[in-house]
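Visitor: Dumping the structure here so I can ask a few things about it.
Please treat every number below as a calculation from the coordinates, not as lab data. All of these numbers come straight from a predicted model, not from anything done at the bench.
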Amino acid sequence: MFARTSRIAIASAATILALGTGAATANAAPSPAPTNCVLDIDSGSKQCYGTFREAITASTHGRITDAPLSAKHIDQSLAERLKASSGPAATQSVQLGVIYADSNYGGSALVLAGANGCQSGNGRDAQINLDGIWNNSVSSLTTLSCWLELWDAPNTSGIHQEYQQSTSYVGDAMNDRASSIALL
């Protein structure tokens, strides 16, 4: 009698657990779509878009309209076009680099843009503090016109790591720790 009661109790508990797990899964909020933002490092203004293509179209003032929908798919041809300025000084914009929230160039992307390119390795051309969703969330990066140097504290202080080329994983020492970036 006791063994039969125990088996019924165990079967009932398993059924309740399965039903509860299914309900929790059904009620779970969907993952938010990646954010694709452009940060003008000269003015400090940031604008976000639904796709990477929209972000690049805006940051290049319509010069590039055929970027992929996802920032994960920057090829060498697109990288070369992103490095070029867009023409007249009043509308000039150079894409300096891209940082990603996930490794392997995934998740949300922040395009760093400015009026001038960098001198790549000849000193610091600019520095920015990361805020909001970008603070302590960088896992990979694409270098374009600048080398990028991640710092684990605001105002480019603390532990840092320099990246001279695109990097699919910034490493354990800097993953999800960057609070500021120097553009070299």
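Visitor: What length, rounded to one decimal in nm, is gained on full extension from LEU69 through to ASN175, with 0.36 nm per residue of separation minus their alpha-carbon distance?
Guide: Using 0.36 nm per residue and subtracting the Cα-Cα distance, I get 35.7 nm.
Visitor: Once all Cα-Cα distances of the range 33-183 are split into 10 Å bins that start at 0, what whole-number percent is in each one?
Guide: 12, 47, 35, 5, 0
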